[in-house]
Amino acid sequence: MFMFKVIKRLLLVVVILALASTAIVYGVLTLSLPALDGKGRSDAVTQPVKVARDTLGQAVITATTRHDAAYGLGYAHGQDRFFQMDLLRRNAAGELSELFGEAALGLDKKMRFHQLRKRSQAILKTLPKADKQLLRSYAQGVNEGLAQVGYPSFEYLLTGAEQKPWQSEDSLLVIFSMYLDLQSSTFERDQALIQIEQQYGAEMVSFLTQPSQYQAALDGSQLALLNNPIPELLSQPITAIKPITANLEVGSNNWAVTSNLTNTQAAMLSDDMHLSMAVPVIWYRAQLNYSLNNKPMQVTGVSLPGAPAIVVGTNNNVAWGFTNGYLDTADWIALNSDSKMWQVDEPIALPSGKVESYSLTLSEYGPVKYINEKPYALSWAAHQPYAVNMQLLQLEQAQTVDDALDIASDVGIPVQNLLVVDDQGNAAWKNMGGIPARTTPSELAVKEEDYSALWQQNEIDRPFIKNPENGRLWTGNSRVVSADDNVRFGNGGYALGARATQIRDRLFEKQRFNESDFYQLQLDNQARFLMPWHALLLEQLKKQSARYKDHINALENWQQCACPQSIGYTLVKTYRDELINILFSSIETTLNQQDGTLKYVKRDLEPAVWQLIKAQPTSWVNPQFTNWEQQLQGAFEQTLTQLTSRFGSNIQNWQWGKVNELAIEHPFAKQMPILSKLLNMPTAPGFGDSYMPAVQKRSFGASQRFIVQPGHLKNAILTIPGGQSGHPLSEFYRAGFDEYVKGKHTPLLPQALMHQIEIAPMND
């Protein structure tokens, strides 16, 4: 009895302590909640600035000038997203170790290779006076919005780090962070191809990167399919089969139709950008209201916390959206033994006050990396003076499609497929962003003597298409330019083209479109790309129909889509991955020994895989199998092994919605599992995959869904997979998430305003 009482008291103490700890956590979190109502003063504004929030937390900024609007947007960003902004600038600059210690040193060294802090400082000095002032206004808004919060967010309490003030150069670093996200796979892919050429010869490179049947260039041009013999794969060692992780399909979809295909006099645009997703989501909803030359301006869309611009949006005269361009914007320069090289030291700060010194080799062509013990210099658009500027803001002032096209060549961002539409019914495409003017891009190493000084210049002369006869435009990260222009601009790691092809075909299925039609196309998860793989697998399993009865049944009822309930889709998708692993395992093993990987080439492999399946050359039989029949069968046995080890033996647990479950998590949730439910978005069944318009992985997919007809914004759509605020106790932490995962609309335009802060000039 006594023991029982002791245990009871101990349990009571534990419960009390747990409740107390929870109360403390909630108390600390509450202290760091920003005030969304009130009045303040600042010497950064010339007239009163209002920062309001609507029912979704969308920031509505009302100001007299664009500089004051930048201050207001910075204020909102500082209140809601400062830690996210801090991570973006630190990641680009290679300064994460100051927050996370030695665990981040490897990543910091990888980033210091590009010296983006120094480049931001240098570019800032060259910007026009008006741009410098706008960046200062924005930075002061960030810092004063952060100061208003008064208490550091829990992320800083956990890391013990201080909140360093925002600087103008940090906004340039945020733009550089998008270069790293969107273009680093270009030079990583080139490195892999250089290593493949060194080991297996140029014929193997051509074989692995041959053009596919999936081509959706806007002019209808086709690259000739490869007719060359399959190169022999000699001396495959008997080793464990290496899984080849695919690089995420970082990119996007967009498409547009002219007024001939709408019920209004306006053209219509759809844009959904595919990026990694975490809490908070990358984009921040905002509307800027200000005056320009005595004319009222209203710009609505998504901003990137850390930058004073509406990245994708509309001013009600034009609307614009982007997909990653994947032109070839990087070359590795093969240095000679007498090439001029020098060392610089990059000090990396640690939380303890210690400093880790990182030695970097530089050349006149760019930073140097040793690939298979040979020096190569990276020449990359992001390293050039034209890489970053503030010209994107000029889109806000565009009144027509032609205005936007005129701006495109001057904008300093990673090269994008700009689609722009206007209220007069026009639609156009053009590459926007930094493009080196050198005329002979290469996916393999460039000899030092062939290096072009035109690398230092931004290409001004670029192709564009306006109002095509069919009234339709589309891009999906595959080749958009003509076959002739492809020679000029090169392949920077284009997507295969299956997604863009499906979008194009869908656009030709109808003659009239509205916003809901476009939204349904964004959600299109039909598995057209996997249909040949489905047929191949079904053929294999029917050879042993009794043994694979349940799997055959799942395949015959797979619904031809990446649908949550489809077991068949999971089987087909996994089978394809396992067969690719088997076929290319020896190459992957060899590259791994040279600090390389096929990861960045995997999206190119589809045509080569099918050529191998049809020809069945003996040298491409993995040593674990005696012939192709066994190899094809073995790929399915590996499929079963993989799925069983990950999801158990119950085939019902192999439904695609469970295998590909959407899980958008806070970066600190793993460190604090007790708070994971508080910090993470609710999980949702997987819907979609790669190679189809509805792109979705476990924590990757459409980072926004934007659909608009300029001049008719009442029906415009902007849906985002998460809330505005980065604070877990905010009413706007998850606002809009349910609509996103359920495929419902949320409006672009702000709804009823719930909160408002007014900041007056200091001297008022």
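Data overview
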read-out: Listing of helices (runs of 4 or more DSSP H) fully contained in the stretch 126-222 that carry 3 or more residues being among the aliphatic types (A, V, I, L, M) and farther than 22 Å from F82 by Cβ; value: 168-200, 202-208
read-out: The stretch 641-668: number of residues that are assigned to a loop (DSSP other than H, G, I, E, B) and touching a residue at least 12 places away in the same chain (Cβ under 8 Å); value: 9
read-out: Tabulated pairs, the stretch 525-537, first among the aromatic types (F, W, Y), second surrounded by fewer than 19 Cβ atoms within 10 Å (Cβ to Cβ) and modelled with pLDDT of 95 or more, C-beta under 6 angstrom, 6+ apart or interchain; value: none
read-out: Any hit, the stretch 428-446, residues being in a strand (DSSP E or B), in contact with a Ser or Thr (Cβ under 6 Å, 6 or more places away or on another chain) and either free of Cβ contacts under 8 Å to residues at least 12 places away in the same chain or under 17 Å from T186 (Cα atoms) (or both); value: no
read-out: Some residue of the stretch 334-343 being surrounded by fewer than 22 Cβ atoms within 10 Å (Cβ to Cβ) and touching a Leu at 6+ places or on another chain (Cβ under 6 Å); value: yes
read-out: Given (1) under 19 Å from M390 (Cα atoms); (2) surrounded by 24 or more Cβ atoms within 10 Å (Cβ to Cβ); (3) at pLDDT below 95, number of the condition G251 does not satisfy; value: (1)
read-out: Index of the failed condition, N293 passing every other in (1) surrounded by fewer than 24 Cβ atoms within 10 Å (Cβ to Cβ); (2) closer than 25 Å to F82 by Cα; value: (2)
read-out: Extreme residue, nearest to Y138 (Cα to Cα), among residues of the stretch 384-406 that are of a type in the set (V, I, T) and surrounded by 21 or more Cβ atoms within 10 Å (Cβ to Cβ); value: V388
read-out: Any hit, the stretch 610-620, residues being in contact with a helix residue (DSSP H, G or I) (Cβ under 9 Å, 6 or more places away or on another chain), in a helix (DSSP H, G or I) and closer than 24 Å to S185 by Cα; value: no
read-out: The stretch 61-70, residues that are touching a Leu at 6+ places or on another chain (Cβ under 9 Å) and surrounded by 24 or more Cβ atoms within 10 Å (Cβ to Cβ); value: I61, A63, A69, A70
read-out: Checking Q391 against (1) within 24 Å of the chain's Cα centre (by Cα); (2) touching a residue at least 24 places away in the same chain (Cβ under 8 Å), the condition it does not meet; value: (2)
read-out: The stretch 323-358 - residue that is more than 30 Å from V311 (Cβ to Cβ) and polar (S, T, N, Q) and, of those, nearest to the chain's Cα centre (by Cα); value: S357
read-out: Verdict on V279 being surrounded by fewer than 24 Cβ atoms within 10 Å (Cβ to Cβ) and among the β-branched types (V, I, T); value: yes
read-out: Enumeration of residues in the stretch 212-244 that are farther than 27 Å from E469 by Cα and either surrounded by 15 or more Cβ atoms within 10 Å (Cβ to Cβ) or hydroxyl-bearing (S, T, Y) (or both); value: L226, I230, P231, L233, S235, Q236, T239, I241, K242, I244
read-out: All positions within the stretch 407-427 that are farther than 14 Å from N467 by Cβ and part of a loop (DSSP other than H, G, I, E, B); value: S409, D410, V411, G412, I413, V415, D423
read-out: Candidates G686, G701, G711 - the one that is outside any helix (DSSP H, G or I), closer than 23 Å to F732 by Cβ and not hydroxyl-bearing (S, T, Y); value: G701
read-out: One residue from D43, D37, D54 being of a type in the set (D, E) and surrounded by 18 or more Cβ atoms within 10 Å (Cβ to Cβ); value: D54
read-out: The stretch 405-425, subset without any contact (Cβ under 8 Å) to a residue 40 or more places away in the chain and of a type in the set (V, I, T), residue farthest from V311 (Cα to Cα); value: I407
read-out: Candidates L99, L124, L157 - the one that is surrounded by 17 or more Cβ atoms within 10 Å (Cβ to Cβ), touching a residue at least 60 places away in the same chain (Cβ under 8 Å) and of a type in the set (A, V, I, L, M); value: L99
read-out: Residues of the stretch 456-513 classified as polar (S, T, N, Q) and free of Cβ contacts under 8 Å to residues at least 40 places away in the same chain, total; value: 1
read-out: Any helices (runs of 4 or more DSSP H) falling wholly within the stretch 456-549 and containing at least 3 residues that are within 30 Å of H745 (Cβ to Cβ) and of a type outside the set (V, I, T); value: 498-507, 515-522
read-out: Sole exception among (1) under 24 Å from R499 (Cα atoms); (2) touching a Ser or Thr at 6+ places or on another chain (Cβ under 6 Å) for Q287, by number; value: (1)
read-out: Leading residue by the ranking (farthest from E373 (Cα to Cα)) among those in the stretch 333-350 that are among the acidic types (D, E) and out of contact with any helix residue (DSSP H, G or I) (no Cβ under 9 Å at 6 or more places or on another chain); value: D345
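Every residue, every condition in (1) at pLDDT below 85; (2) in a helix (DSSP H, G or I); (3) closer than 30 Å to S352 by Cβ; (4) not acidic (D, E), yes or no:
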residue: I7; (1), (2), (3), (4): yes, yes, no, yes
residue: G27; (1), (2), (3), (4): yes, yes, yes, yes
residue: G40; (1), (2), (3), (4): no, no, no, yes
residue: T46; (1), (2), (3), (4): no, no, no, yes
residue: G57; (1), (2), (3), (4): no, no, no, yes
residue: F82; (1), (2), (3), (4): no, yes, yes, yes
residue: R90; (1), (2), (3), (4): no, yes, yes, yes
residue: M111; (1), (2), (3), (4): no, yes, yes, yes
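The values are calculated or read from the model by the stated rules, or taken from the named source; none is laboratory data. Bear in mind that the values here come from a model prediction, so they are computed numbers and not experimental data. With ideal geometry, Cβ positions are generated from the backbone for all residues, glycine too; neighbour counts draw on all protein chains shown.
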